[in-house]
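Asker: Before anything else, here's the structure in question.
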Amino acid sequence: MWDFFTTVRNRHSVRKYQGDMPVEEEKLHAILEAASAAPSAGDLQAYHLTVVKNADLRKKISEIAEKQSFIATAPVALVISTDTQRSQQQFGERGRDLYSIQDATIAAAYAQLATCAAGLSSTWVGHFDGEKLKKILSFSENYEPVAILSIGYPAEMPEPTPRRPLSEICDVLE
Ligand SMILES: Cc1cc2nc3c(=O)[nH]c(=O)nc-3n(C[C@H](O)[C@H](O)[C@H](O)COP(=O)(O)O)c2cc1C
């Protein structure tokens, strides 16, 4: 396992997977544990994690995600959704419209970094039809998918993508 900064430096989106290499159960468990360790508003964990291993479902998901076929070739698709009602019950509109999305997104980011630390690769997919995804996964109205992580062993080593300089994205007020 890598330390935090090595993990952050080495995480790159991978869109080609070794389809015949399954994700070990211990690693999957560690990824889900990492997601659940993320901070959340009121400690409510107002999100839901759906682990999709089923190949037919992954194919369907890739189709409603603008035919991003790598989702079907990765052995696991992890769908991260808000549990809107859970946050709304405690925090009202702010819980529904902001905290539940933040809770789900932070959990997804933790899962993505844990995936990398475990020697696996992923891509965060945000381009999908949420309503169709909810149907495919038989979700209640309450769950709103915010991200899909395709997870598996890489079959490519992409070049790191450039970042904006810190001077452009950060102000220091002293
Ligand atoms: C909110 C969000 C949505 C994204 N949606 C997609 C997507 O639908 N398909 C895809 O291939 N990559 C998607 N990405 C991955 C980005 O393209 C990628 O993270 C970015 O280009 C930086 O590259 P890196 O992850 O290798 O550092 C998404 C990333 C984020 C955070």
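Asker: What about residue 122, is it under 13 Å from the mean Cα position of the chain (by Cα), in a strand (DSSP E or B) and within 11 Å of the ligand (Cβ to nearest atom)?
Answerer: For residue 122, the condition - under 13 Å from the mean Cα position of the chain (by Cα), in a strand (DSSP E or B) and within 11 Å of the ligand (Cβ to nearest atom) - is met.
Asker: If you don't mind, there's one more thing I want to ask. Restricting to region 1-43, name every residue that is farther than 20 Å from residue 159 by Cβ and hydroxyl-bearing (Ser, Thr, Tyr).
Answerer: Listed by number, the residues that qualify are 36, 40.
Asker: Within region 155-171, count every residue that is of a type in the set (Ser, Thr, Tyr) and assigned to a loop (DSSP other than H, G, I, E, B).
Answerer: Total meeting the criteria: 1.
Asker: Can you tell me which residues in region 56-76 are surrounded by 24 or more Cβ atoms within 10 Å (Cβ to Cβ) and among the small types (Gly, Ala, Ser)?
Answerer: Passing the criteria: only 74.
Asker: Determine whether residue 174 is assigned to a helix (DSSP H, G or I) and more than 25 Å from residue 37 (Cβ to Cβ).
Answerer: Taking the combined requirement at face value, the residue does not satisfy it.
Asker: For region 53-75, give me each residue that is among the aliphatic types (A, V, I, L, M) and within 16 Å of the ligand (Cβ to nearest atom).
Answerer: 61, 64, 65, 71, 72, 74
Asker: Next question. Just name the residue that is nearest to residue 59 (Cα to Cα) out of those in region 102-137 that are in contact with an Asp or Glu (Cβ under 9 Å, 6 or more places away or on another chain) and small (Gly, Ala, Ser).
Answerer: Result: 130.
Asker: Checking the conditions here, which among 15, 9 is within 16 Å of the ligand (Cβ to nearest atom) and without any contact (Cβ under 8 Å) to a residue 40 or more places away in the chain?
Answerer: 9
Asker: As an exercise: evaluate residue 96 against (1) over 16 Å from residue 147 (Cα atoms); (2) out of contact with any strand residue (DSSP E or B) (no Cβ under 9 Å at 6 or more places or on another chain); (3) surrounded by 18 or more Cβ atoms within 10 Å (Cβ to Cβ) and give the number of the one condition it does not meet.
Answerer: Failed condition: (2).
Asker: Then there is this: So which of 152, 130 is within 15 Å of the ligand (Cβ to nearest atom), open to solvent by less than 70 Å² (accessible area, probe 1.4 Å), free of Cβ contacts under 8 Å to residues at least 24 places away in the same chain and closer than 21 Å to residue 69 by Cα?
Answerer: 130
Asker: Looking at residue 56 and the list (1) touching a residue at least 12 places away in the same chain (Cβ under 8 Å); (2) within 21 Å of residue 21 (Cβ to Cβ); (3) charged (D, E, K, R), which single condition is not satisfied?
Answerer: Going through the list (1) touching a residue at least 12 places away in the same chain (Cβ under 8 Å); (2) within 21 Å of residue 21 (Cβ to Cβ); (3) charged (D, E, K, R), residue 56 breaks only (1).
Yes or no, residue by residue, for (1) open to solvent by 20 Å² or more (accessible area, probe 1.4 Å); (2) under 12 Å from residue 44 (Cβ atoms); (3) in contact with a Leu (Cβ under 9 Å, 6 or more places away or on another chain); (4) in contact (Cβ under 8 Å) with a residue 60 or more places away in the chain:
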position: 82; (1), (2), (3), (4): no, yes, no, yes
position: 91; (1), (2), (3), (4): yes, yes, yes, no
position: 105; (1), (2), (3), (4): yes, no, no, no
position: 110; (1), (2), (3), (4): yes, no, no, yes
position: 113; (1), (2), (3), (4): yes, no, no, yes
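The values are calculated or read from the model by the stated rules, or taken from the named source; none is laboratory data. Computed from a prediction, not measured in an experiment: that's the story for all the values here. In this analysis, Cβ positions are derived from the backbone assuming ideal geometry, glycine residues included, and neighbour counts consider all displayed protein chains. The protein model used for the area step is the full one, side chains on, heavy atoms only, and it has no ligands, DNA or RNA in it. Shrake-Rupley method; radii C 1.70, N 1.55, O 1.52, S 1.80 Å.
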